[in-house]
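The values are calculated or read from the model by the stated rules, or taken from the named source; none is laboratory data. These numbers were taken from a predicted model, which means no experiment stands behind them. Here the Cβ positions follow ideal geometry from the backbone for every residue, glycine too, while neighbour counts run over all protein chains shown.
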Amino acid sequence: MRGRLGRRLALSGLAGMLAVTGALPGMTGVALAAVADVVTGIDTTLWNPDAPGLSGVAFRSPDRLIVVDMQNHDFAGFDGTNLWEYSLTTGQVAYTGSILPDDQDDPTGVAYDAATDTLFVSSDSTMSVYVIKPGIDGKFGTADEGNGNGDPIAVLPSTGDVEDPAFNPVNKHLYVLAGGGVITDFDPGLD
């Protein structure tokens, strides 16, 4: 069996096997009803500069992904790049940028508000979430707004692990993993 049906059956069999053996908590004896199909994989180590330590991805309409990397600064030849905007249509990096203040160049997550064209970027270094607006060119982290133009909007309790913001477009709240088993919910006040 090849193709989509073969993958689906193989994944269904694996999920069922995991459920029956109890490898999935709370799922003993129950097969999973839905199985996702992998459409494609994007190898970010082929980008220039490459992005080997991805820490966040957000969808920017209509066909763009914003990707951040918190470990790129650990590699020789780091040029300040820690943001990539990737085109799903062309399969190419549209541009790169440098976000967060220069001494805090390790974004641990990213969320996007399409209504205000705003990025929210979390950082372990400062236990903060930053607001990043694009410059006149419509790009984030490029020279026209200055590298690291973001201001921190929230400094979270010192848990040592601020990651993965998520923006709710309905109530305009931001949810951030604050470490220590805490999800922080706050209103960034960008109405």
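Yes/no matrix, rows are residues, columns are (1) at pLDDT 75 or above; (2) surrounded by 11 or more Cβ atoms within 10 Å (Cβ to Cβ); (3) among the β-branched types (Val, Ile, Thr):
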{"residue": "18", "(1), (2), (3)": "no, yes, no"}
{"residue": "26", "(1), (2), (3)": "no, no, no"}
{"residue": "30", "(1), (2), (3)": "no, yes, yes"}
{"residue": "34", "(1), (2), (3)": "no, no, no"}
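Restricting to the range 90-141, what's the tally of residues that are touching a residue at least 60 places away in the same chain (Cβ under 8 Å) and not aliphatic (A, V, I, L, M)?
Total satisfying the criteria: 7.
Quick one: in the range 54-90, which of the residues that are modelled with pLDDT of 90 or more and not in a strand (DSSP E or B) is farthest from residue 43 (Cα to Cα)?
That would be 63.
Among the residues of the range 91-110, is there at least one that is over 20 Å from residue 50 (Cβ atoms), β-branched (Val, Ile, Thr), touching a Leu at 6+ places or on another chain (Cβ under 8 Å) and modelled with pLDDT of 90 or more? Write out each step before concluding.
Residues of the range 91-110 that are over 20 Å from residue 50 (Cβ atoms), as a first pass: 101-104.
Adding the requirement that they be β-branched (Val, Ile, Thr) leaves none.
Within the range 91-110, none of the residues are over 20 Å from residue 50 (Cβ atoms), β-branched (Val, Ile, Thr), touching a Leu at 6+ places or on another chain (Cβ under 8 Å) and modelled with pLDDT of 90 or more.
Where in the range 130-181 are there strands (runs of 3 or more DSSP E), lying fully within it, with 2 or more residues that are closer than 22 Å to residue 54 by Cα and at pLDDT 85 or above?
In the range 130-181, 163-168, 173-177 are the strands (runs of 3 or more DSSP E) which contain 2 or more residues that are closer than 22 Å to residue 54 by Cα and at pLDDT 85 or above.
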